[in-house]
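Asker: Dumping the structure here so I can ask a few things about it.
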Amino acid sequence: MQRSYSRLLGIVGKPNTGKSTFFSAATLALVDIANYPFTTIKSNHGIGYVKTPCVHNEFQVIDNPKNSLCLNNSRLIPVNLVDIAGIVPGAWEGKGLGNKFLDEIRRADALIHVVDASGCTDSEGRLCKPGEHDPIEDIRFLEQEINLWILSIIKKDWSKISRTSEVESKDLCSLLEDRLSGLSIKRNHIVKAILSSGLNIEKPTKWTKQDLIRLIDLIRKKSKPMLIVANKFDLPQSKKNLEKLSKLDYIVIPCCAEAELALRRAAEKHLIEYTPGDADFKIINSKRLTQNQIRALELIRKEVLFKIGTTGVQTAINKVYFALLNMITVYPVEDLKHLSDHSGRVLPDVYLVPYGTTAKQFAYLIHTELGDNFIYAMDARERRRIGEDTILKDQDIISIISAKKRG
């Protein structure tokens, strides 16, 4: 049995911010994109990629990727993305497409919140004059909707939970975990939130409503970490709003999703050379492009790539996995000398795993039997034996030695 540390990344935001364009650019999936609310009525699922330098150059080998791609010396590792239906006020009560929205949110491990940095869409996603709307309002609104949703679930049993914890000396964190288990909220999220809150865990019956709301806000931040994509950065009104957004307690990535979608589609048709996340592209054959297409590409280069370094789409996905979810990449091999698997494929697989993963935990990730029969692992760089409790590092290459394999 093969296990996985797969994470689901939710793309969220109010209607008409470029959320579906971002998703389409990241996955090259065909989705409805239009300038009116509720274009996304049903959530779209797709595969995006985390981009990381490939280790094959370091070892001067030609790799044969199996579970990922190697493109221009970068490993592209597939990850699950979902384009969640646009949210409107009252979603936590089921208004608009609230039920669909929250059903996807409960499964997400992290969120990318796409906001219209140009301020040309109002609070419900309708077009307005550029600069008329403050995108910070959209962020506060989304925070509130998720907080109210979590609060509505806890409030149903809060008197019983707090009394049971206090009177019967039951673990409060475990009681809350049981209540919130359907939201993919774990005990460690709750423990960290309570420690950060400074609340007296021994006396939860004394907590005020504001204490509970503050705790829920911290639980949301721990369990559903969020990154802000300041989309439509190419519009003149966006720069001022980006400065405001950057002062928030979030990672904020300037972005032009339309530019990324155009570049990826052009690359797919072999009109340009472009790897997602690159700072530039190269036109392969200008004769296959019209003058309008060439002008459009040069405009992307001038107004987006030269100004922010990338279009922002790939940068955002990478930041979620490496900064918010704190994950690392590890390459398993069987043959240390050739860095290959049993079929001779060189560096065939790379796994995204949480920082803190041990050698034995990684063995279980590859296959249950490999973990059950774990003896030790070998580090390919230093050619040294490492024990089951050794914490793996980013871009480690290791071989697992098991009882079955040795025998």
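Asker: With only alpha-carbon atoms counted, please give the Rg and Dmax of region 270-346, in Å.
Answerer: Rg then Dmax for region 270-346, in Å: 18.8, 52.
Asker: Quote the Stokes-Einstein diffusion coefficient, in whole µm² s⁻¹, for the chain, based on the Kirkwood radius over alpha carbon pairs, a temperature of 10 °C and a viscosity of 1.306 mPa s.
Answerer: 68
Asker: Could you compute the FRET efficiency for residue 140 and residue 58, with r as their C-beta to C-beta distance and R0 at 45 Å, rounded to 0.05?
Answerer: 0.50
Asker: Could you work out the percent of alpha carbon pairs in region 130-255 separated by over 23 Å, rounded to a whole number?
Answerer: Within region 130-255, distances greater than 23 Å cover 41 percent of Cα pairs.
Asker: Quick check for me: using +1 on Lys/Arg Cβ and -1 on Asp/Glu Cβ, what's the dipole size of region 188-248 about its Cα centre, in debye to the nearest 20?
Answerer: 80
Asker: Under 8 Å for C-alpha pairs, at least 6 residues apart: give me the relative contact order for the chain, rounded to a whole percent.
Answerer: Dividing the mean separation by the residue count of the chain yields 17 percent.
Asker: Need one number: the % of Cα-Cα pairs in region 147-218 sitting beyond the 21 Å mark.
Answerer: 11
Asker: Next question, about the same structure. Set the bar at 27 Å for Cα to Cα. Now go through 269/393; 282/307; 155/203; 209/240; 66/287 and name every pair that lies beyond it.
Answerer: Where the Cα-Cα span goes over 27 Å, the pairs concerned are 269/393; 209/240; 66/287.
Asker: Can you give the log10 of the normalised intensity I(q)/I(0) at q = 0.29, 0.31, 0.34 Å⁻¹, computed with Debye over equal Cα scatterers of region 46-85?
Answerer: Listed by q, the Debye log ratios stand at -0.98, -1.06, -1.17.
Asker: Then there's this: Given Cβ point charges of +1 (Lys, Arg) and -1 (Asp, Glu) and nothing else, what value in debye, to the nearest 20, does the dipole of the chain about its Cα centre take?
Answerer: 60
Asker: Let me ask you something else. Calculate how large, on average over all directions, the projected area of the Cα convex hull of region 182-305 is; give the answer in nm² to one decimal.
Answerer: Spelled out: convex hull of the Cα atoms, projected over all directions, averaged, 11.6 nm².
Asker: To the nearest µm²/s, what D does Stokes-Einstein give for region 328-406 at 20 °C and 1.002 mPa s, using the Kirkwood radius over alpha carbon pairs as Rh?
Answerer: Calculated translational D: 176 µm²/s.
Asker: I need the GluC sites (Glu not before Pro) found in region 131-216, filtered to DSSP loop residues with at most 11 other beta carbons within 10 Å of theirs.
Answerer: Qualifying residues, ordered by number: 168, 202.
Asker: Let me ask you something else. Please tell me the relative contact order of region 328-406 in percent, rounded to the nearest whole number, where contacts are Cα pairs under 8 Å and at least six residues apart.
Answerer: 36
All of the numbers you see were taken from the coordinates with simple rules; none came from a lab. Owing to the predicted nature of the structure, the values given are computational and were not obtained by experimental measurement. Backbone-built Cβ (ideal geometry, glycine too); neighbour counts: all protein chains shown.
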